[in-house]
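Structure record follows, encoded as structure tokens.
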Amino acid sequence: MSDVTRARNGRPVRHWRRAVVGLAALLAAAAVADAVAGSTARGTGGAVLLAVTAAVLPAAVGFHTWWTRRHGHAPPTSDTGARPSLPAERLAGPAGAGEADVAGAGAMAGATVLWRMRTTVKDEPGSLAALCTALAAHRVDILSLQTHPLAEGTVDEFLLRAPEELSATEISRSVSDAGGSETWIERGDAHDLVDAPTRVLGLATRTALDAAELPLALRQLLGRCTIRSLPATAPGSGRVQEGAPVEGALEGTVMRLRAPEGGTITVERPYLPFTPTEFARARALVELDTRLGPRIPRSQDVLTLPEGNDLTVRRADAGDLRAAKAMHDRCSARTLSMRYHGPVGDADRYLKHLLSPRFGRTLAAQTTSGRLVGLGHLLWDGDETEIALLVEDEWQRRGIGSELLRRLVAMAGEAGCANVYVVTQSSNTGMVAAMRALDLPLDYQVEEGTLVITARLDAVAAHRAEGAEGVSKGR
């Protein structure tokens, strides 16, 4: 083997340790040769020494050959079942060529899919090993594993990569035969490849930057679930509502947490009971939000209207309550009625709730003098998302509502919402036109003059994901 090899970047790498050992061996051989020559010349057993050396050298060579084969870094594939490595010429070449060949070799091995699975096993030695053995028998690769200890038993949560032809029923059956019970399984996606600590830290960071992220962070932390925020007092009446205990409460598929402002956050997941571990994570996230207090990002954009006026679009919160009430006073009764779908006198009572970042996000449009002329709300409504708009009368028909709507829909898409809906009146042609201008799939539902328009964002998200996957594969 040569003392000079090639690294991946093409530069020579000299193994100086091998050179030093070789030099030492050469010097030792010279010393032995000198000793043999001297002994032979003096007649002091030189012939015997030569015979012993001749016998020892083949034995040493044989031992070295046996040791290399037994303890080499790359055992024969016939002994391990491993796939043979790629030829050296396929790993050489331009940067990235080796990785592409490896990816191609993986693709040739057969299509695979990701699965998320939970199952309950007995808390005893060997139970997890039995599950892993059963999955390995079906060529299922375990990408990650989390354990959720219970009073009796343990819930094991897996991220699996399985052959495409293997169905969820077959996986569940093999897990059941291996001792698993109450098994739940669903298709996974690329987002599940992020390990749990990294995902939790990312959610904590988002929550720290924006109080409105708390419901979304809980939903991403706990999977598909319905989250409802109940304020401490009922909007419009001021009646005190029953709140959750300080330490929270866990009851099977429902957990209740004490909201930072004193209300209640209810999380429900009917298809899968929560574990104490999940409850502890959710409670820690809410406690972080409580300690940080109300906060929203302070960035703002300039919106130039067709006639040339500049407006500032920014996030709004409870600090804008007085300005929002002043805008209400300038709005006509018809405008307020179309926005709130009820008695005009009750409009002010909902503003504190609407402006709270705990229940969604609000965008405000204001003039250069600081006058509030438009509000757009993105409201978390359980597992759905509502958009509501209000633009002062003399500023209507200038594109302000359409711009607020476009930005709110983009925020909903970034938050992972599958759809958004607006509730308006059939006569509100401006809102209908603004929704149609989004160029999204729309569903219309009319009930007694009330029009509900739902825009589906999941199709757009799927299209973007497909495009990103195509780019990653070099298509």
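The values are calculated or read from the model by the stated rules, or taken from the named source; none is laboratory data. None of these values were measured; they are calculated from a predicted model. Backbone-built Cβ (ideal geometry, glycine too); neighbour counts: all protein chains shown. Keep in mind that these areas ignore ligands, DNA and RNA; they rest on the heavy atoms of the full protein, side chains included. Shrake-Rupley method; radii C 1.70, N 1.55, O 1.52, S 1.80 Å.
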Query raised in the report: Radius of gyration and Dmax for the range 266-331's Cα atoms, expressed in Å?
Result: 20.1, 58
Query - Percent of alpha-carbon pairs separated by more than 25 Å within the range 199-333 - result: 40 percent
**Report entry** Sequence of ARG339, ARG281, ARG269 when ordered by accessible area, the most exposed leading, probe 1.4 angstrom
**Finding:** ARG281, ARG339, ARG269
Report summary line: trypsin sites (Lys or Arg not before Pro) in the range 348-391 lying in a DSSP loop, each with at most 16 other Cβ atoms within 10 Å of its Cβ, come to ARG371
Query - Per-residue SASA entry for HIS191, accessible area with 1.4 Å probe, Å² rounded to 10 - result: 140 Å²
Report task. Return the distance in nm (one decimal) between the two label points of a simple spin-label model at GLU268 and ASP192, each offset 7 Å from Cα along Cα→Cβ. Result -> 2.5 nm
